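Single-structure report; data block below.
The values are calculated or read from the model by the stated rules, or taken from the named source; none is laboratory data. Note that this is a predicted model, so its numbers are computed, not measured. For neighbour counting, all protein chains shown are included, and Cβ atoms are generated from backbone atoms with ideal geometry for every residue, glycine included. Side chains included, ligands, DNA and RNA excluded: accessible areas come from the protein's heavy atoms. Shrake-Rupley method; radii C 1.70, N 1.55, O 1.52, S 1.80 Å.
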Amino acid sequence: MNPKPHLHSTRVGFWVGLVVAMILGATLRLPDLDLRPMHVDEAIQAARFGQLLEEGSIDYLPEDGHGPGLLYFAIPVSRLAGTTSYETSSEKALRLTPALFGLALIALTAFAFRPWLGTAAAIASALLVAASPMMGYYSRYFIMELPMVFFLLAFLACSWRYLLSMRLPWLLGAGLCGAIMHATKETFGISIVALLIALLGVAAIQFYSSGEGRRWLQSRFTDPRKLAIHLAIALPISLLASAALYSVWFNNPEAIADSYKTYTNYFGRATGPTGHEKPWSYYLELLIFKRMADGFTWSEALTLALAAVGIVAAFTWRKLPRETRVLAQVLALYTILSFAIYSLIPYKTPWSIMAALHGAAILAGFGFAALLRIARFLPVRVGLWLALLFGIQQ
């Protein structure tokens, strides 16, 4: 289950790289959190935070409220920052929650798939996440995206480890992460659909590609009864956890049914006129190069370019261990499908693409590791690392 890390990397290199990524991430996320006024979407969540803090409950609005997940995490963090009531809260105290999730996401990115993708891929991914303009910017935004992306990565990691080990605790972990995502933002369902399609697609590739791939796939499901028992245990626990979170520990039981009814509203919003319609190319244009009104620019082009290398490597690099290849292919299809679904939905907000962007960052790290593998000479590998460090600063 835990093959030795490969792709030209060491344990010392991992910790040095992680420290660099965390310091970089902290400098871009923590200072001056109260520098700008709150956006209206932040202010709405701040008002809901005040209601939960002072009344111990919130009025869930299925048409446009989102779940209370962000607010649960904001209460202890804000109290540590000196908040005792809604009147004493501040932009800095509230934004500290997504900022801390932004830092935690960097660390989890480094650890989640390191045993299979390698240390070089893990550190490159963590550095790209740390320096990402979009992830840095919205880590300083009091909205749900950073907690959702964090628990989405945790869900992916737990699900992968369950697939390899068939151990119930990993499935329970995935179920709890799913419950928290559901209670944080409804759009997590897009990522789950993309992941399920990606899993089926890669399973078909493995089954029909070779006898070795077919045998590996069959070895994952030698005991369907055990899988059924595990699902029968984990699914009710996940649903119960989601219900408890949405209803604020069952103080507002109507919210449980509303948390599922809300998807009819989101389907209508995704397909009907709302004022947020944008062309299919909006996210690509936003990520490749964006110039703000004040002249400030940002770009995720390096991440996208390396992700493209990672996608090619996932399907052409034949000497990879089977588990590494399968994981890379799942991540590749999942990321492509996520981008495609979000791009085809007319309703678009800039922060919604962050789940897909994070998948691209993991693939980008894998793509960078593939380039290191091709570069046989040490000076070339050093040059690649220097190019990556230079690129993330641009």
So, first residue more than 13 Å from A124 (Cβ to Cβ) in the stretch 375-386, second residue part of a helix (DSSP H, G or I), Cβ within less than 9 Å, six or more apart or across chains; the pairs are A375/R381; A375/G383; A375/L384; V380/L372; V380/I374
If you check L172 against the conditions, is it open to solvent by 40 Å² or more (accessible area, probe 1.4 Å), under 25 Å from S259 (Cβ atoms), at pLDDT 95 or above and under 21 Å from the mean Cα position of the chain (by Cα)?
yes
Would you check if A375 is in contact with a Lys or Arg (Cβ under 9 Å, 6 or more places away or on another chain) and surrounded by 14 or more Cβ atoms within 10 Å (Cβ to Cβ)?
yes
Please go through the stretch 129-164 and pick out each residue that is closer than 19 Å to A228 by Cα and open to solvent by less than 30 Å² (accessible area, probe 1.4 Å).
C158, W160, Y162, L164
Filter the stretch 219-235 for residues that are without any contact (Cβ under 8 Å) to a residue 60 or more places away in the chain, under 29 Å from the mean Cα position of the chain (by Cα) and open to solvent by 70 Å² or more (accessible area, probe 1.4 Å); the one that is farthest from G67 (Cα to Cα) is F221
Every residue from the stretch 70-100 that is under 14 Å from T184 (Cβ atoms) and either buried (at least 23 other Cβ atoms within 10 Å of the Cβ) or modelled with pLDDT under 80 (or both):
L70, L71, A74, T97, P98
Among what's in the stretch 311-336 and is within 21 Å of the chain's Cα centre (by Cα) and among the β-branched types (V, I, T), pick the residue that is surrounded by the fewest Cβ atoms within 10 Å (Cβ to Cβ).
I336
Options A194, A204: the member that is more than 21 Å from S343 (Cβ to Cβ) and under 28 Å from the mean Cα position of the chain (by Cα):
A204
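Conditions (1) within 28 Å of L128 (Cβ to Cβ); (2) in contact (Cβ under 8 Å) with a residue 40 or more places away in the chain; (3) of a type in the set (D, E); (4) open to solvent by less than 50 Å² (accessible area, probe 1.4 Å), marked per residue:
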| residue | (1), (2), (3), (4) |
| --- | --- |
| V16 | yes, no, no, no |
| M22 | yes, yes, no, no |
| A26 | yes, yes, no, yes |
| L30 | yes, yes, no, no |
| L33 | yes, yes, no, yes |
| E42 | yes, yes, yes, yes |
| A46 | no, yes, no, yes |
| Q51 | no, no, no, yes |
| S57 | no, yes, no, yes |
